[in-house]
1. Taking only region B:112-131 into account, find how many residues are at the interface with chain A (Cβ under 10 Å from one of its Cβ atoms), open to solvent by 20 Å² or more (accessible area, probe 1.4 Å) and either more than 22 Å from B:Arg73 (Cα to Cα) or in a strand (DSSP E or B) (or both).
2. Restricting to region A:71-100, what's the tally of residues that are open to solvent by 20 Å² or more (accessible area, probe 1.4 Å) and outside any loop (DSSP other than H, G, I, E, B)?
3. Take residues that are open to solvent by less than 30 Å² (accessible area, probe 1.4 Å) and among the small types (Gly, Ala, Ser) and tell me which of the helices (runs of 4 or more DSSP H) falling wholly in region A:148-244 contain 1 or more.
4. Which condition number does A:Gly120 fail, the rest of (1) surrounded by fewer than 19 Cβ atoms within 10 Å (Cβ to Cβ); (2) under 27 Å from A:Trp181 (Cα atoms) being met?
5. Report the residue count in region B:126-148 for those that are charged (D, E, K, R) and out of contact with any strand residue (DSSP E or B) (no Cβ under 8 Å at 6 or more places or on another chain).
6. Of all residues in region B:32-78 being in contact (Cβ under 8 Å) with a residue 40 or more places away in the chain and among the aliphatic types (A, V, I, L, M), which is nearest to B:Gly90 (Cα to Cα)?
Amino acid sequence: MGSERPPPLPKWASKPCIMGIDEAGRGPVLGPMVYGCLYCARSYQKTLSTLNFADSKTLKEEKREELFESLKADESIGWAVDVIDPRELSDKMLKKNKINLNEISHESAIGLIKKVLNLGVLLTEVYLDTVGDTEKYRVKLSERFSNIKFVVAKKADSLYPVVSGASIAAKVTRDRALRDWILDETAEDLHRNFGSGYPGDPQTKAWLEDHKHSIFGFPSLVRFSWGTCTSYSKDFVDVLWESDAAEEDDNGKTSKRQKKLTSVGFTTAKKKSEDIESSGKGRCKFFQARKLELLSQF
Amino acid sequence: MDGKDEGSSQPAAAHVTVDLSIASAAEEDLTGKVHQLPCCIKHDGPTPVSHYFKPKPTEMEVDGLKVEEAYFRGRKLQGTTVSLPHGYSGFILGKKGRDQGTNDPNSHCWETTATFQDITVWNHDAIPSKDDALLRAFHWFTAANALHQTVTAEDLESACID
């Protein structure tokens, strides 16, 4: 996955270049989130605005595919995508030290900028849609890349053609990735009618309903960290994590998100950690350090 | 587990027996299929593990341990498969008589339903290392051997400090 093999650096890339960055698949409860970027020489900007790129969401799928093919064929344009696996999204958001979606998004955008700079492209201006606080985001980017002027704006994808182009690359890549997704799970009754992946999509809802599993939750295509999954927790058996227990010890109470996710039915932190593992409590240090408990009844 | 009744505080506790004989026809070899997860799953019973839990090898190696990865409930787990030392086996126990439907809930008689020769130990948010509690628990094997070795007169003599 990812962008195709990079062609040799075109001549225009050593002149001042602009780049747009946009995302697709931030909201969906399943499938990857894709960050895309599109860049060209500043002098090409005028031509770019005649190419009828518009915010990818306002275009029909066929039109988007067509525009993506034409921008790929355009030798005055460069592009790249970063496909963030749903497993990575779930994991980062459910770690002991949780990374929220805004941070993941920022890191992806930063990764794309680095990648394009490493190709040798002379980036001077980068346009992005806002993620989180506009000004904080701009400062964060400017601190990392002091030679680049950053424009962070709401609805950048409809304001700047270079961002519209990036949104097309991202959206088409996201749609294809979901369409071609190979499920890791091998249970027999799995199907691929994912729908759009948006929590409100009836087809997506039906897919989630068909694929919930009391022990495993969902196939790993699903973003477990999404609020949508919470409504299914009543159908799942409780799973208690050491990291949740530790968190409870730290804060005296479980954070709201974790509570919602596991719908923990146990009240005290002590009970929780003892449920998870043996302790070797009360024995000599050798056993304690190895969590070797003496079982006298079972 | 030595299966002895440790004279527990519960007066009702009946005599506990653990039958580790592996002659039983029902006994199954679960080597390669025993996982220790860093969480407690509030369920006891069969579930299609191999269809949903898909460990994959990685390039990583720590302390000579080959790191594997898998996902469970949205968490990325990193684990390693360790063999039980020579001369040791893992046992899965079940209450005696459960097949015949004569399952007495008060019975404390256990028998072997399966054995295993390795175990995959999984961590959440930490790569496996030889300092993990379960791997360190293996130290007990060496310690137990030493503790139970017959002490000869020569041993005593050489340990004596005059």
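The values are calculated or read from the model by the stated rules, or taken from the named source; none is laboratory data. Predicted model only: the values in this text are computed from it and were never measured. When we count neighbours, we look across all protein chains shown, and the Cβ atoms used for this are built from the backbone with ideal geometry, even at glycine. Surface areas here come from the heavy atoms of the whole protein model, side chains and all, with no ligands, DNA or RNA. Shrake-Rupley method; radii C 1.70, N 1.55, O 1.52, S 1.80 Å.
1. Of all residues in region B:112-131, those at the interface with chain A (Cβ under 10 Å from one of its Cβ atoms) come to B:123-126, B:131.
Now restrict to residues that are open to solvent by 20 Å² or more (accessible area, probe 1.4 Å): B:123, B:125-126, B:131.
From what's left, either more than 22 Å from B:Arg73 (Cα to Cα) or in a strand (DSSP E or B) (or both): B:123, B:131.
Residues meeting the conditions: 2.
2. Within region A:71-100, the first condition is being open to solvent by 20 Å² or more (accessible area, probe 1.4 Å), and the residues that meet it are A:72-76, A:79, A:82-83, A:85, A:87-88, A:92-93, A:95-100.
Remaining after also requiring outside any loop (DSSP other than H, G, I, E, B): A:72-73, A:79, A:82-83, A:87-88, A:92-93.
Of the residues in region A:71-100, 9 are open to solvent by 20 Å² or more (accessible area, probe 1.4 Å) and outside any loop (DSSP other than H, G, I, E, B).
3. A:156-159, A:161-179
4. Condition (2) is where A:Gly120 drops out.
5. Taking region B:126-148 and keeping what is charged (D, E, K, R), we get B:130-132, B:136.
Restricting the remaining residues to those that are out of contact with any strand residue (DSSP E or B) (no Cβ under 8 Å at 6 or more places or on another chain) gives B:131, B:136.
The number of residues fulfilling the criteria is 2.
6. Once the filter is applied, the top-ranked residue is B:Val34.
Results for (1) within 30 Å of A:Met93 (Cβ to Cβ); (2) more than 11 Å from every other protein chain (Cβ to nearest Cβ); (3) out of contact with any strand residue (DSSP E or B) (no Cβ under 9 Å at 6 or more places or on another chain); (4) open to solvent by less than 30 Å² (accessible area, probe 1.4 Å), shown as yes or no for each residue.
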{"site": "B:Pro38", "(1), (2), (3), (4)": "yes, no, no, yes"}
{"site": "B:Lys42", "(1), (2), (3), (4)": "yes, no, no, no"}
{"site": "B:Val67", "(1), (2), (3), (4)": "yes, yes, no, yes"}
{"site": "B:Gly79", "(1), (2), (3), (4)": "yes, yes, no, yes"}
{"site": "B:Val82", "(1), (2), (3), (4)": "no, yes, no, yes"}
{"site": "B:Phe91", "(1), (2), (3), (4)": "no, yes, no, no"}
{"site": "B:Lys95", "(1), (2), (3), (4)": "no, no, no, no"}
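Rundown of residues vs (1) in contact (Cβ under 8 Å) with a residue 60 or more places away in the chain; (2) within 14 Å of another protein chain (Cβ to nearest Cβ); (3) out of contact with any Ser or Thr (no Cβ under 9 Å at 6 or more places or on another chain), yes/no style:
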site	(1), (2), (3)
A:Leu141	no, no, yes
A:Lys149	no, no, no
A:Ala153	no, no, no
A:Ala156	yes, no, no
A:Arg176	no, no, yes
A:Ala187	no, yes, yes
